[in-house]
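> Below is one structure. I have some questions about it.
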Amino acid sequence: MGKESLVRSKAALTRRQALARTLFGSGPIRSQMIFVWICVPPIVLYFAAFYLYPVISAISLSLHRWSFMIPEHPFIGLDNYRWVLQDRVFWIALKNTLYFSVFYVILSIGIGLALGVLIYRFKEPFKSVMQTVCFIPVMTSMVVTAQVWELLYMPGYGILNYFLGFFGLGPFLWTASPTQVMPSIIAMSVWKAVGYYMVLFIAGLTAIPRYLYEAAWIDGASRWQTFWKVTLPLLVPTVLFSLVTGSIGAFQVFTQVWVMTDPPGGPGKSSYVLLLQVFDRGFRFYEMGKASAIAFILFVIVMAVTLVQNALLQEGFEY
């Protein structure tokens with residue numbers, strides 16, 4: 001019996017060792033595999049709890065007539081989606097969201113690229129000072145930034161109208177005008193985001209080998225030709241990454257519209273965006289099913305835009 005127990009113990013130990021080698025490997029990579037097995041499960045759980053579960057819950061809610069005022073939540077299939085697609089306000093909100101996203105992304109990335117190229121040429125310590133100054137708005141709370149710009153935009157005693165008055169301009173209504181409110185919100189949002197893209201482009205410029213510029217100069221290329229033939233092609237991955245992240249953030253515009261317009265989304269729904277409609281449907285009218293349907297449609301739109309830009313991003317890296 002003693003020999004049999006010893007054989008079983010050795011067999012069990014061998015199986016445990018084989019399992020350990022399968023899970024953690026052996027030799028130099030063992031410590032790396034142990035680190036992976038320790039760190040990956042919490043990340044997966046975090047992703048499942050805060051990203052995957054909310055998406056699945058939203059899809060489920062969108063298929064029910066879900067109201068805080070009624071205890072029953074009957075399954076109604078795609079009725080909420082039919083209502084959303086027939087709702088005039090949804091198409092107004094979608095148009096405003098697209099309007100904001102297109103101009104915000106183009107202006108933020110364009111100005112960020114120009115600032116990055118300009119500041120990259122500066123000498124230290126002026127270069128570091130300028131980077132810090134331009135990046136401060138990025139670190140500022142969106143609520144605080146929106147409130148400060150709301151004061152700047154005040155029609156009666158705002159600083160912006162005060163200075164424009166010296167040139168015989170204004171006063172402008174800014175956020176109180178249907179034609180001016182969205183450009184005003186875009187201007188504030190671009191001002192806040194430019195520093196982020198500037199830092200990205202400076203990082204991209206730092207990674208470009210110096211000898212490529214020297215070769216272009218030896219061939220007689222001007223600064224403008226060097227930018228178009230050397231700098232910009234090598235910044236394609238950074239540009240496309242900025243497009244992806246900027247578009248995702250732009251479609252989620254909410255805070256600045258909520259803070260800077262009265263009523264939120266006004267005047268005349270000229271700045272009414274999709275997330276504002278999600279908020280109104282869910283927390284003003286207590287129609288969580290319809291709110292979830294709008295949110296899921298927004299998710300699909302953002303996903304489609306991201307996939308298209310991701311394909312361009314991969315082509316950029318191959319280029």
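> Being assigned by TED's automatic domain parsing to the domain that holds residue 116, polar (S, T, N, Q), under 15 Å from residue 266 (Cα atoms) and assigned to a helix (DSSP H, G or I) narrows it down to one residue among 132, 175; which is it?
Testing whether each residue is assigned by TED's automatic domain parsing to the domain that holds residue 116, polar (S, T, N, Q), under 15 Å from residue 266 (Cα atoms) and assigned to a helix (DSSP H, G or I) leaves just 175.
> Also: Within the range 205-232, how many residues are assigned to a helix (DSSP H, G or I) and either without any contact (Cβ under 8 Å) to a residue 60 or more places away in the chain or β-branched (Val, Ile, Thr) (or both)?
19
> Something else: Checking the conditions here, which among 144, 105 is at pLDDT 90 or above, out of contact with any Ser or Thr (no Cβ under 9 Å at 6 or more places or on another chain) and either closer than 24 Å to residue 250 by Cβ or in a helix (DSSP H, G or I) (or both)? Even if it seems obvious, please write down each step before you answer.
On the way: 105 fails: out of contact with any Ser or Thr (no Cβ under 9 Å at 6 or more places or on another chain).
Answer to the check: 144.
> Another question about this same structure. Among the residues of the range 147-182, count how many are hydrophobic (A, V, I, L, M, F, W, C) and touching a residue at least 60 places away in the same chain (Cβ under 8 Å).
4
> Looking at this structure, is residue 302 surrounded by fewer than 21 Cβ atoms within 10 Å (Cβ to Cβ) and either without any contact (Cβ under 8 Å) to a residue 60 or more places away in the chain or not in a helix (DSSP H, G or I) (or both)?
yes
> Residue 293 is checked against (1) in a helix (DSSP H, G or I); (2) out of contact with any helix residue (DSSP H, G or I) (no Cβ under 7 Å at 6 or more places or on another chain); (3) small (Gly, Ala, Ser) and fails just one. What number does that condition carry?
(2)
> Which one of these does residue 74 not meet: (1) in the same structural domain as residue 300 (by TED's automatic domain parsing); (2) touching a strand residue (DSSP E or B) at 6+ places or on another chain (Cβ under 8 Å)?
(1)
> Which is at pLDDT 90 or above and among the charged types (D, E, K, R), of 65, 30, 21?
65
> Is there a residue in the range 69-91 that is touching a helix residue (DSSP H, G or I) at 6+ places or on another chain (Cβ under 8 Å) and small (Gly, Ala, Ser)?
No, because not a single residue in the range 69-91 is touching a helix residue (DSSP H, G or I) at 6+ places or on another chain (Cβ under 8 Å) and small (Gly, Ala, Ser).
The values are calculated or read from the model by the stated rules, or taken from the named source; none is laboratory data. Since this is a predicted model, take the numbers as computed values, not measurements. Cβ atoms come from the backbone with ideal geometry, glycine included; neighbour counts cover every protein chain shown.
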